[in-house]
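These notes concern the structure reproduced below.
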Ligand code: GDP
Ligand code: GDP
């Protein structure tokens with residue numbers, strides 16, 4: 001499944017962040033435990049009437065001088081055009097129609113992307129209702145009056161946005177070719193890896209038709225199987241502002257990861273693993289994708305018999321939330337272990353879709369409970385009744401218990417480890433949902 005991406009664009013102070021927080025806050029569906037990724041709210045997973053989408057805020061730091069407002073708005077609009085499926089263009093009824101609004105509206109209209117026009121700060125329809133009509137002049141359709149601060153009109157806005165979601169985005173895709181996103185910081189070797197794969201395997205290169213986003217899709221045939229590689233490195237954006245560049249690359253990563261089954265996180269061996277790598281890894285972890293950590297430029301460092309071991313330990317330390325990730329040490333220059341990557345992709349994909357019979361799961365659970373007593377609080381002990389797998393990609397388990405409050409994170413982790421001891425599930429996160437039953 002590939003969730004649609006919705007971007008918010010608008011001038012400074014029209015209420016982008018307020019709207020973002022309202023949409024994310026009211027509809028947010030997943031509780032995140034990944035460090036580093038949720039603090040700056042560049043994106044959020046949202047649900048509206050059973051439809052899932054990813055919301056992104058393209059607004060970086062606010063410009064401090066008037067003359068750069070327009071150029072920065074253009075840049076944000078371009079990011080939205082490149083990465084989003086639907087764009088929410090937000091204007092401010094109190095400031096009225098501004099020249100820069102019209103210019104950006106022109107740009108959005110020409111892009112052909114679906115745009116929904118939100119007129120914000122309509123806190124009272126009696127007072128401001130008539131002022132909304134002015135925004136028809138933007139030529140991008142019906143203005144929808146909202147008040148982000150008082151949460152008015154939000155349902156109408158989301159209805160309008162979700163009209164533009166296609167069935168393809170909302171349903172399981174027919175295409176069953178493995179889709180692999182290559183992600184990582186700039187200059188770690190993402191493009192080099194793709195180029196090497198293309199060179200080695202004499203493949204058809206094609207930009208897959210119908211992709212609405214700017215990640216470049218490449219088809220690679222290996223051992224008779226077709227793989228789709230989603231490259232986030234291909235296109236680069238120039239910006240003088242470092243924060244904007246970072247924001248842009250995160251949004252692009254989210255959009256690539258969204259479409260992928262398996263994600264290859266590339267780390268530069270000459271730099272070692274960093275917090276920024278962890279932040280990028282978190283995007284794939286949050287989405288429950290299959291994950292392979294590829295340590296690239298393995299040719300370029302001095303090694304002895306302990307080097308792989310030390311790298312592995314450091315990566316496990318820094319990416320502590322994804323102990324399950326597969327690791328491979330490669331060189332896009334020499335081609336070392338590039339073929340191993342395909343084996344790992346196949347394996348991780350199988351693990352993502354593996355289903356365990358309920359009977360077997362309950363045997364494991366019963367044995368686990370016998371070996372380590374569940375936690376208790378104030379004389380009440382956690383009882384586990386039943387466990388069953390309810391979904392794949394990622395494998396998701398429901399555990400029925402007597403009292404949710406008694407279930408500790410550490411006990412879930414313990415059960416997860418028992419399941420992994422039996423079935424491995426290498427390269428994929430496992431998700432656990434705790435439900436009460438009396
Ligand atoms: P951004 O710069 O576009 O992200 O705008 P913010 O979300 O930071 O909002 C700018 C200002 O407008 C803040 O002072 C908000 O409290 C205010 N604001 C946002 N939404 C509304 C609204 O619906 N009505 C009113 N009256 N003020 C709002
Ligand atoms: P991207 O920004 O992640 O796509 O990185 P590039 O593929 O553009 O590579 C950045 C730089 O690293 C280039 O100068 C590459 O030649 C170099 N590079 C990429 N892979 C390797 C590798 O495996 N070994 C060495 N020594 N250099 C590499």
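The values are calculated or read from the model by the stated rules, or taken from the named source; none is laboratory data. In this text the structure is predicted, and so the values were computed from the model without any measurement. Cβ sites come from the backbone with ideal geometry, for glycine too, and all protein chains shown count toward neighbours.
Some notes on this structure:
- Odd one out for residue 89, checked against (1) assigned to a loop (DSSP other than H, G, I, E, B); (2) closer than 13 Å to residue 9 by Cβ: (1)
- Test result for residue 161, in contact (Cβ under 8 Å) with a residue 12 or more places away in the chain, more than 16 Å from ligand 1 (Cβ to nearest atom) and surrounded by 19 or more Cβ atoms within 10 Å (Cβ to Cβ): yes
- Yes/no for residue 321 being away from ligand 1 (no atom under 16 Å from the Cβ), in a helix (DSSP H, G or I) and under 22 Å from residue 425 (Cβ atoms): yes
- Any chance residue 167 is farther than 30 Å from residue 122 by Cα, within 13 Å of ligand 2 (Cβ to nearest atom) and modelled with pLDDT of 70 or more: no
- Residue count, segment 113-126 (criterion: more than 21 Å from residue 12 (Cβ to Cβ) and either within 11 Å of ligand 1 (Cβ to nearest atom) or buried (at least 16 other Cβ atoms within 10 Å of the Cβ) (or both)): 3
- Here residue 336 fulfils each of the conditions (1) within 16 Å of ligand 2 (Cβ to nearest atom); (2) in a helix (DSSP H, G or I); (3) surrounded by fewer than 20 Cβ atoms within 10 Å (Cβ to Cβ) apart from (2).
- Residues in segment 261-281 that are more than 13 Å from ligand 2 (Cβ to nearest atom) and either part of a helix (DSSP H, G or I) or out of contact with any helix residue (DSSP H, G or I) (no Cβ under 8 Å at 6 or more places or on another chain) (or both): 275, 278, 279, 281.
- Test result for residue 49, crowded, with 23+ Cβ neighbours inside 10 Å, closer than 30 Å to residue 286 by Cβ and within 24 Å of the chain's Cα centre (by Cα): no
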